[in-house]
Amino acid sequence: MQMGKQGEGSAVTAGLFSLFLVAMVGITVYVFVQRLYPAPATITDVGKEIDAQYMRTLWVTGVVFVLSQLGLAWAIFRFRDRGQRVTFSRGNNTLEVIWTTATILLFLGLGVMARRAWAEVRFAAPAPDAIQVEVTGKQFFWYFRYPGPDGRFGRVNPYQRNLDSSSNPVYLDDTDPAGKDDIVTTELWVPVDHEVNLLIRAQDVIHSFFVRELRIKQDAVPGMVNPLHFTADQIGTYEIICAQLCGLGHYRMHSTLHVVSEADYQNWLKQQEQPVAGQPAAVAPPAGN
Ligand SMILES: [Cu+2]
């Protein structure tokens, strides 16, 4: 191994750095090609669209990543210090225009392709027979409200007198008769192959409703209702988590999504209906949370 003369850089240093970069690119590509950390399988049609879009994006960005990193490795070795005089470049306007335009087209193109999957669940109206469920994020729990037998949600009112937020966590207004039969739960139950329209809101800070298998992650924002619909096609239980750092208890803010048969869903709903008329549904935070 011959070391450079005084005032010259070492080919070894530049070479090792280039090799290191090439190795890192190789490891990164291996992790993705071998799918070492796969997402759990999706349970919605839109989820499949999102996965396809994800793969398209990964291919495009993957190719750009590999080419640019290998180019960098080459440049590090090729333009290493040999004791030559430093030359100065003012850049190349043509190249600047070309890669800026290419980047813009690429990002706009990917955005346009992804638009359908995004709009389908957020902007398109849900089916008329979709089950309506209101989702409320509140430090550090998720609450789910079903409209009950009357099919109507009662009013919520955080300013009512004698509000007991532990027995009435979503602040149902007890003067509104439509709210008397509302069902409030701490877990989300939905029937399989039946569209569900979520009305996502928050009471205190920004939370985020996230279910990996649904490929849904939607912020819950105080003062807003963010609607979003999905149809689950696999019976099972899935974890719901909060994906926004919402406070000290954020790490334990999670719940469960139960996708069950239509019959099981109806049975469960019956069990939740309040035995005492005139009492708003009352829910305590789940134990052990
Ligand atoms: Cu949260």
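Yes/no per residue for (1) modelled with pLDDT under 95; (2) assigned to a strand (DSSP E or B); (3) in contact with a strand residue (DSSP E or B) (Cβ under 6 Å, 6 or more places away or on another chain):
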{"position": "178", "(1), (2), (3)": "yes, no, no"}
{"position": "190", "(1), (2), (3)": "no, yes, yes"}
{"position": "194", "(1), (2), (3)": "no, no, no"}
{"position": "201", "(1), (2), (3)": "no, yes, yes"}
{"position": "208", "(1), (2), (3)": "no, yes, yes"}
{"position": "213", "(1), (2), (3)": "no, no, yes"}
Margin query: Being out of contact with any strand residue (DSSP E or B) (no Cβ under 7 Å at 6 or more places or on another chain) and in a helix (DSSP H, G or I): is that true of residue 42 here?
Written below: no
Notebook entry, point to check: Across the stretch 188-222, which residue is nearest to residue 152 (Cα to Cα) among those that are surrounded by fewer than 17 Cβ atoms within 10 Å (Cβ to Cβ) and within 16 Å of the ligand (Cβ to nearest atom)?
Noted result: 222
Next item on the list: Go through the stretch 128-173 and count every residue that is touching a residue at least 24 places away in the same chain (Cβ under 8 Å) and assigned to a loop (DSSP other than H, G, I, E, B).
Entry: 19
Check: Restricted to the stretch 135-159, and to residues that are away from the ligand (no atom under 16 Å from the Cβ) and charged (D, E, K, R), which residue is most open to solvent (accessible area, probe 1.4 Å)?
Finding: 152
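The values are calculated or read from the model by the stated rules, or taken from the named source; none is laboratory data. Fair warning: this is a prediction, and the values are worked out from it, not measured in the lab. Cβ coordinates were reconstructed from backbone atoms using ideal geometry, including for glycine residues, and neighbour counts include every protein chain displayed. What goes into the accessible areas is simple: the full protein's heavy atoms, side chains included, and nothing from ligands, DNA or RNA. Shrake-Rupley method; radii C 1.70, N 1.55, O 1.52, S 1.80 Å.
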